Amino acid sequence: MPVYLLVAYIIFCVTPLGLAFSIAARRRKVEREIAALTKK
Amino acid sequence: MGQKRLVDRALVGVSGVAFLVALGMVFFYAPREATMGEVQRIFYFHVASAWVGFFGFFVTFVGGIGYLATNHRRWDILAFSSAEVGLVYISMTLVTGMLWAKPVWGTYWTWEPRLTISAVQWLLYVAYVMLRGSVLSPEREARFAAVYGIAAFVTVPLSWFAIRWWRTIHPVIVSGEGMALTPKMIHTLLVSVAAFTLVYATLLRQRIALEHERDRLAALRLQDEATAS
């Protein structure tokens, strides 16, 4: 399989997952801050 | 389990399965293209990714109009969230386009009309996302972003028509004479576009939820400061 094809499909698979994890991480951070403020 | 969470989980499941089906079709269903060989398989996800990027920017355009017409924060959230997801997809389109161009054109990049417009479009939306945490008041920032998002959308039709109006080496897949593809290639492309659209919808919902939570946090901080003083 040509290396260009392989690299392209790795990018296609990893990038949306990366964005999903980034959003989830940012949400968790905000949720923690909300929880801390609510507790206060 | 709340209804929202149920919808989120269903969307994640459906888009994940659709993505895997599309991936399977690209490698095991679509035929090998005669001229370019195996590397042509980049085409299916490259086009699907460009479609999602363009659609994402269209949603930003609609969100901008909605915000200017109503002043409702939910339109601004929709526009901003969609621009971020769209930008990621357009970045992916640019990079994989370069990977496809190298073995086919002999170069990663050439300053022909379609690629030049794509580069300008990418820079415009990078600036849009960066400008969203600016020092302006939230309302001014949202109004400015709405106008910017509407104006930047001009790059989408320009990019679509660039390969039809001007001499360019970028191939035209959909023309007035139909699609230059075999039925199996068309099936694979359509499934890929559908799968990418589902993934976009999933990511957009998550991104919108994040922005709503940020608003909630900002309101709680204000409340906390007011109580302290």
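Read-outs throughout are calculated quantities, based only on the coordinates presented, and are distinct from any laboratory measurement. Note that the structure is a prediction, hence the values are computed from the model and not measured. Here the Cβ is made from the backbone with ideal geometry for all residues, glycine too, and neighbour counts use every protein chain on show.
From the gyration tensor of the Cα coordinates in chain B, what semi-axes in whole Å does the equivalent ellipsoid have, largest first, with each one equal to sqrt(5λ)?
Ellipsoid half-lengths, sorted descending, are 37, 22, 14 Å.
Listing A:LYS39, B:LYS4 from fewest to most neighbouring C-beta atoms within 10 Å gives A:LYS39, B:LYS4.
DSSP loop (so not H, G, I, E, B), at most 14 other Cβ within 10 Å: list which trypsin sites (Lys or Arg not before Pro) in the range B:31-74 pass both filters. Let's see the in-between values first.
Numbers: sites: B:ARG32, B:ARG41, B:ARG73, B:ARG74; in loops: B:ARG32.
Of the trypsin sites (Lys or Arg not before Pro), the ones in loops of the range B:31-74 whose Cβ has at most 14 other Cβ atoms within 10 Å are B:ARG32.
Each stretch of four or more DSSP H residues adds -39500 (n - 2.57); spread over every residue of chain B, this sum gives -28000 deg cm²/dmol at 222 nm. For chain B, the longest principal axis of the Cα atoms and the long axis of helix B:113-131 meet at an angle of about 20 degrees. Taking other C-beta atoms within 10 angstrom as a stand-in for reagent exposure, B:TRP166, B:TRP111 fall in the order B:TRP111, B:TRP166, fewest first.
Taking the square roots of 5 times each eigenvalue of the Cα gyration tensor of chain A, largest first, gives ellipsoid semi-axes of 38, 5, 4 Å. Helix B:155-165 and the longest principal axis of the Cα set of chain B meet at an angle near 20°. Taking 7 Å steps out from each Cα toward its Cβ at B:GLU38 and B:VAL129 produces label points 3.1 nm apart.
The lysines within cross-link reach of A:LYS29, meaning a Cα-to-Cα straight distance under 25 Å and a gap of 8 or more places when in the same chain, are A:LYS39, A:LYS40, B:LYS4.
Based on the Cβ-Cβ distance of B:ASP8 and B:LYS102, what FRET efficiency does E = 1/(1 + (r/R0)^6) give at R0 = 51 Å, to the nearest 0.05? Write out the running numbers ahead of the final one.
On the way: r = 39 Å, r/R0 = 0.76.
Computed FRET efficiency for B:ASP8 and B:LYS102 comes out at 0.85.
Only one residue of B:GLY64, B:PHE80, B:VAL17 has its Cα farthest out toward the positive end of the dipole of chain B, where Lys and Arg carry +1 and Asp and Glu -1 on Cβ, and that residue is B:VAL17.
Charges were assigned to the Cβ only: +1 to each Lys and Arg, -1 to each Asp and Glu. The resulting dipole of chain B about its Cα centre is roughly 240 debye.
For the protein assembly as shown, the convex hull drawn through the C-alpha positions has a volume of 152 cubic angstrom per residue.
Charged neighbours of B:ILE163, selected by a Cβ distance under 11 Å, balance to +2 (K, R count +1; D, E count -1).
Let me make sure I get this right: for the range B:45-166, a, b and c are the square roots of the gyration tensor eigenvalues over alpha carbons, sorted descending. Under 1.5 in a/c it's rounded, otherwise prolate if a/b > b/c, else oblate. Which is it?
Note, shape of the range B:45-166 comes out prolate.
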